[in-house]
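The values are calculated or read from the model by the stated rules, or taken from the named source; none is laboratory data. Predicted model only: the values in this text are computed from it and were never measured. In this analysis, Cβ positions are derived from the backbone assuming ideal geometry, glycine residues included, and neighbour counts consider all displayed protein chains. For accessibility, only protein heavy atoms count, side chains too; no ligands or nucleic acids. Shrake-Rupley method; radii C 1.70, N 1.55, O 1.52, S 1.80 Å.
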Amino acid sequence: TGPTMRIDLTGKKALVTGSTRGIGRAIAGMLAECGADVAIVGRDKAKADAVAAEVPRARGFAADVSVPAEVERLVGEVETALGGLDILVNNAGITKDNLMLRMKDDDWDAVLNANLRSAFVAIRSASRGMMKRRFGRIINITSVVGLMGNKGQANYAASKAGLVGLTKSVAKELGSRNILCNAVAPGFISTDMTDAMTPEARAALTGEIPLERLGAVQDVAGAVCWLASDLAAYVTGQVIVVDGGLAA
Ligand code: NAD
C-alpha cells in the first residue's frame with residue numbers, strides 16, 4: 001500500500017452559508033472533521049447555534065444572505081470571532097420554480113439575490129482580509145442545472161450559471177494574491193427534497209445517471225474539502241461537477 005494522505009485544515013477558519021441543513025451542513029461538518037474552525041450560518045440564530053453545538057470547533061451566526069448589508073456584517077463578525085477567514089463556501093440557495101412565461105419579476109429577483117448577489121457580496125467582503133493574509137479559498141456551490149439549463153428553472157439556472165462566470169472572474173482577479181476560487185456543481189443529491197419524490201419519479205431520474213444512484217451530501221462535501229486543501233493548490237477557476245456522470 002502507498003502512503004496515506006489526509007486532508008489537514010487545522011487552524012484554517014471557514015465560513016459556510018446555509019449550513020444549518022442539507023449540503024451546507026455536510027460541508028461544515030466535513031471541514032471541521034478535517035480540522036478547520038467553522039462558522040455555521042443560517043437565517044435563524046438559535047438553529048445555527050444548535051447545529052454548531054454538534055460540530056467540533058464551530059460557532060453559530062445568523063444572516064439573510066440575500067441582503068447585502070447582512071452579508072457584510074456577517075463576514076466582519078466571523079473574521080472577529082474566528083480571528084480571520086481562510087475558506088469561504090457560498091452554499092446558501094433557494095428555488096422559486098415556474099415556467100419562464102409565468103415567472104414573476106419578484107421570483108426572478110429573489111432567486112438571483114439569494115443565490116448570486118449573495119456570493120458576490122460575500123466574496124467582495126471576505127477577499128479584503130484574504131488579500132492581506134495572502135491566502136484564500138473561495139468555493140461557490142453551483143449546480144449542473146447552471147450548465148445544462150432546466151425547464152421551469154430559468155431563474156435558478158441563470159443564478160447558477162452566473163456563479164460560474166463570477167468564479168472564473170474572481171479566480172483571474174485574485175490569483176496573484178494566492179486566493180483560489182472554484183465552483184462545485186452537484187447533480188441530484190439526496191436531501192429532504194429528493195427524499196419526497198415518488199418511487200417512479202426517482203427511478204426515472206436514476207436511469208439518467210451513469211452511477212445509477214442519487215448523490216449523497218458527503219459526495220459534495222468531499223469535493224469542497226479537497227478544493228480547500230493543499231492538494232488543490234494549483235486548481236483555480238474550475239467547476240468540479242459532482243453528478244454521478246449525469247452531465248457527461
Ligand atoms: P436546502 O434548502 O436543504 O439548504 C439550503 C440552506 O440555505 C438552508 O440552510 C437555508 O436556510 C439556507 N438559505 C437559503 N436562503 C438563505 C438566505 N437568504 N440567507 C441565509 N441562508 C439561506 O438545500 P440543499 O439541497 O442543501 O442545497 C444547498 C446548495 O446546493 C444550494 O445552493 C443548492 O442550489 C445547491 N444544489 C443542491 C442540489 C440538490 O440536489 N440538493 C443540487 C445542485 C445544487
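Numerical summary
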item: Of residues in the stretch 102-128 being touching a residue at least 24 places away in the same chain (Cβ under 8 Å) and touching a strand residue (DSSP E or B) at 6+ places or on another chain (Cβ under 8 Å), the one farthest from GLN238 (Cα to Cα); result: ASP107
item: Selected residue (only one of ARG137, ARG124, ARG117 is of a type outside the set (Gly, Ala, Ser) and surrounded by fewer than 19 Cβ atoms within 10 Å (Cβ to Cβ)); result: ARG124
item: Qualifying positions in the stretch 60-82 - under 30 Å from ALA233 (Cβ atoms) and either surrounded by fewer than 18 Cβ atoms within 10 Å (Cβ to Cβ) or among the polar types (S, T, N, Q) (or both); result: GLU72, GLY76, GLU77, THR80, ALA81
item: Residue count, the stretch 126-143 (criterion: away from the ligand (no atom under 16 Å from the Cβ), in contact with a helix residue (DSSP H, G or I) (Cβ under 7 Å, 6 or more places away or on another chain) and not aliphatic (A, V, I, L, M)); result: 5
item: Selection status of VAL217, under 15 Å from the mean Cα position of the chain (by Cα), surrounded by fewer than 21 Cβ atoms within 10 Å (Cβ to Cβ) and either of a type in the set (D, E, K, R) or within 9 Å of the ligand (Cβ to nearest atom) (or both); result: yes
item: Of residues in the stretch 223-242 being assigned to a helix (DSSP H, G or I) and open to solvent by 30 Å² or more (accessible area, probe 1.4 Å), the one nearest to the ligand (Cβ to nearest atom); result: TRP226
item: Scope the stretch 1-45; condition away from the ligand (no atom under 12 Å from the Cβ), open to solvent by 40 Å² or more (accessible area, probe 1.4 Å) and among the acidic types (Asp, Glu); matching residues; result: ASP8, GLU33
item: Filter pass, GLY175 being without any contact (Cβ under 8 Å) to a residue 12 or more places away in the chain, more than 12 Å from the ligand (Cβ to nearest atom) and either aliphatic (A, V, I, L, M) or open to solvent by less than 80 Å² (accessible area, probe 1.4 Å) (or both); result: no
item: Some residue of the stretch 83-90 being open to solvent by 40 Å² or more (accessible area, probe 1.4 Å), free of Cβ contacts under 8 Å to residues at least 24 places away in the same chain and farther than 24 Å from PRO186 by Cβ; result: no
item: Residue count, the stretch 46-99 (criterion: basic (Lys, Arg), within 14 Å of the ligand (Cβ to nearest atom) and either part of a helix (DSSP H, G or I) or at positive phi (or both)); result: 2
item: Breaking point among (1) of a type outside the set (S, T, N, Q); (2) over 18 Å from ALA183 (Cβ atoms); (3) touching a helix residue (DSSP H, G or I) at 6+ places or on another chain (Cβ under 6 Å), for LEU88; result: (2)
item: Test: residue in the stretch 199-214 that is among the aliphatic types (A, V, I, L, M), open to solvent by 30 Å² or more (accessible area, probe 1.4 Å) and touching a residue at least 12 places away in the same chain (Cβ under 8 Å); result: yes
item: The stretch 162-172, residues that are of a type in the set (A, V, I, L, M, F, W, C), more than 14 Å from the chain's Cα centre (by Cα) and surrounded by fewer than 24 Cβ atoms within 10 Å (Cβ to Cβ); result: ALA171
